[in-house]
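The values are calculated or read from the model by the stated rules, or taken from the named source; none is laboratory data. Note that the structure is a prediction, hence the values are computed from the model and not measured. Here the Cβ is made from the backbone with ideal geometry for all residues, glycine too, and neighbour counts use every protein chain on show. With ligands, DNA and RNA removed, areas are computed over all heavy atoms of the protein, side chains included. Shrake-Rupley method; radii C 1.70, N 1.55, O 1.52, S 1.80 Å.
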Amino acid sequence: MGLLRIMMPPKLQLLAVVAFAVAMLFLENQIQKLEESRSKLERAIARHEVREIEQRHTMDGPRQDAALDAEEDMVIIYNRVPKTASTSFTNIAYDLCAKNKYHVLHINTTKNNPVMSLQDQVRFVKNITSWKEMKPGFYHGHVSYLDFTKFGVKKKPIYINVIRDPIERLVSYYYFLRFGDDYRPGLRRRKQGDKKTFDECVAEGGSDCAPEKLWLQIPFFCGHSSECWNVGSRWAMDQAKYNLINEYFLVGVTEELEDFIMLLEAALPRFFRGATELYRTGKKSHLRKTTEKKLPTKQTIAKLQQSDIWKMENEFYEFALEQFQ
């Protein structure tokens, strides 16, 4: 056979190469089709499981299923990062709580501090785990992650969260402090009357737009340790990444909020059944918007991106985005 290949005319050799290439393309195409079929099958199985869950929830009569009893004991904590569409999402939880029969509770901390004292941490953990009348419960508030296992709790709450592009989040917060939003338009904000744009603030080196102000999403996920709030701490970022992977059920991004809501509805229908439809069609549209906001220039963005703090916060944001997608 080797001799035949050597003596094969050039045209036949070319045809053989072409035939081989066509065969390889055909095989690759078949493999791709198999992969697509596998993905479709996985999605179909997931949809079937969701339908089964929903059917069990609508069945009348006494609840025999231990899993359903566990759902009645469920607690979700949404430790919302400011200006990440947190109010928009929380409004959906409020609108669904009566229909889906769960309680929504707002976490109020002293002076709106995201870090609680040790005494308050103990009270917080005890209240959430032992307050049976408020289960199932959805807790929300601007408070950093708290590890319940440190307090001897066997059944931990389910943590969820949403984060946003760090510069976009800071710009939104900057204008929110000055102009408020369409959610409570009559409320006087802390910086009301200050007409300085975000670009002007950055150009002048103002404190409200300093790179240090970007340091927020990492400490919210890192937790209550003082090192978490040490601006630029590499340990804090590593801990935030660890918690996001190991301690959070789901972390979405503001830019893909609808997908986040859809995933929650599929995975936790006990709380979020009807959330996607409500988000799409709700009269409020559940979208809270800052009243007046000017997008920063490329020069302003470039200046902020020179800071190590932005680099770390952006690395964490991209890490979260990769996990979500």
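Answer yes or no: is there a residue in segment 207-223 that is closer than 20 Å to residue 305 by Cα, surrounded by 21 or more Cβ atoms within 10 Å (Cβ to Cβ) and at pLDDT below 90. So far as segment 207-223 goes, yes, one or more of its residues are closer than 20 Å to residue 305 by Cα, surrounded by 21 or more Cβ atoms within 10 Å (Cβ to Cβ) and at pLDDT below 90.
Go through 232, 282, 274, 252 for me and flag whichever is open to solvent by less than 50 Å² (accessible area, probe 1.4 Å), of a type in the set (Gly, Ala, Ser) and within 30 Å of residue 118 (Cβ to Cβ). When all the criteria are applied, what remains is 232.
Residue-wise test of (1) in contact with a His (Cβ under 8 Å, 6 or more places away or on another chain); (2) of a type in the set (Lys, Arg); (3) part of a strand (DSSP E or B).
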residue	(1), (2), (3)
91	yes, no, no
98	no, no, no
111	no, yes, no
115	yes, no, no
146	yes, no, no
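Within segment 281-289, is there a residue that is in a helix (DSSP H, G or I) and at pLDDT below 95? Yes, segment 281-289 contains at least one residue that is in a helix (DSSP H, G or I) and at pLDDT below 95. Among the conditions (1) part of a helix (DSSP H, G or I); (2) among the β-branched types (Val, Ile, Thr); (3) open to solvent by less than 40 Å² (accessible area, probe 1.4 Å), residue 245 misses just one, which is (3).
Restricting to segment 80-110, and then to whatever is open to solvent by 30 Å² or more (accessible area, probe 1.4 Å) and within 18 Å of residue 146 (Cα to Cα), can you tell me which residue is modelled with the lowest pLDDT? That would be 110. The condition of being touching a Pro at 6+ places or on another chain (Cβ under 8 Å) and closer than 23 Å to residue 168 by Cα holds for only one of 215, 229, that being 229.
How many of the residues in segment 198-219 are farther than 16 Å from residue 316 by Cβ and either among the aromatic types (Phe, Trp, Tyr) or free of Cβ contacts under 8 Å to residues at least 12 places away in the same chain (or both)?
7
Pairing residues of segment 220-240 that are touching a residue at least 60 places away in the same chain (Cβ under 8 Å) and under 19 Å from residue 80 (Cβ atoms) with residues that are basic (Lys, Arg) and open to solvent by less than 50 Å² (accessible area, probe 1.4 Å), at Cβ distances under 6 Å and at least 6 apart in sequence or on separate chains, gives no pairs at all. For segment 311-325, the set of residues classified as open to solvent by less than 30 Å² (accessible area, probe 1.4 Å) and without any contact (Cβ under 8 Å) to a residue 40 or more places away in the chain is empty.
Residue count for segment 168-206 under the criterion of being part of a helix (DSSP H, G or I) and either modelled with pLDDT of 95 or more or of a type in the set (S, T, N, Q) (or both): the result is 1.
Being within 29 Å of residue 258 (Cβ to Cβ) and either touching a Gly at 6+ places or on another chain (Cβ under 8 Å) or surrounded by fewer than 21 Cβ atoms within 10 Å (Cβ to Cβ) (or both) is the filter here; which residues of segment 140-156 pass it?
Within segment 140-156, 141, 142, 144, 145, 146, 156 meet the criteria.
Here residue 122 does not fit the description of being among the β-branched types (Val, Ile, Thr) and either open to solvent by less than 40 Å² (accessible area, probe 1.4 Å) or within 25 Å of residue 216 (Cβ to Cβ) (or both).
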